[in-house]
1. Answer yes if at least one residue in the stretch 17-25 is at pLDDT 80 or above and surrounded by 12 or more Cβ atoms within 10 Å (Cβ to Cβ), and no otherwise.
2. Only residues that are in a helix (DSSP H, G or I) and over 23 Å from residue 85 (Cβ atoms): list them for the stretch 28-65, please.
3. Take the stretch 84-100 and flag every residue that is within 13 Å of the chain's Cα centre (by Cα), under 14 Å from residue 34 (Cα atoms) and outside any loop (DSSP other than H, G, I, E, B).
4. Could you list, in sequence order, the residues of the stretch 69-94 that are surrounded by 11 or more Cβ atoms within 10 Å (Cβ to Cβ) and under 19 Å from residue 55 (Cα atoms)?
């Protein structure tokens, strides 16, 4: 967060507060929401990885259970929170990727292909 921190001042802070973590601006987040524009793509990518991991396991469950988990527990509430906290429109590539992953996760359970045909 500091562009050029004074090494002596930083050393004093570390001495006074043992165990403190000095973070780069690209690592800053508060309550799971990124604090800088640099962190936004990384945060969205993390959500995409999480949904992709879940999507691989959803076929093991019944349709209703998998939809319930996807809708209420894993992806939707976390993405809504992220959208409310940051300007997610600034990362259109990650948003498109998230849409694709969500569509792939939902398709088997709701017969998306059959509805489109």
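The values are calculated or read from the model by the stated rules, or taken from the named source; none is laboratory data. Quantities reported herein were computed from a predicted structural model and do not represent experimental measurements. With ideal geometry, Cβ positions are generated from the backbone for all residues, glycine too; neighbour counts draw on all protein chains shown.
1. no
2. Matches in the stretch 28-65: 55, 56, 57, 58, 59, 60, 63, 64, 65.
3. Scanning the stretch 84-100 gives 84, 85, 88.
4. Correct list: 69, 70, 71, 73, 74, 75, 76, 77, 78, 79, 94.
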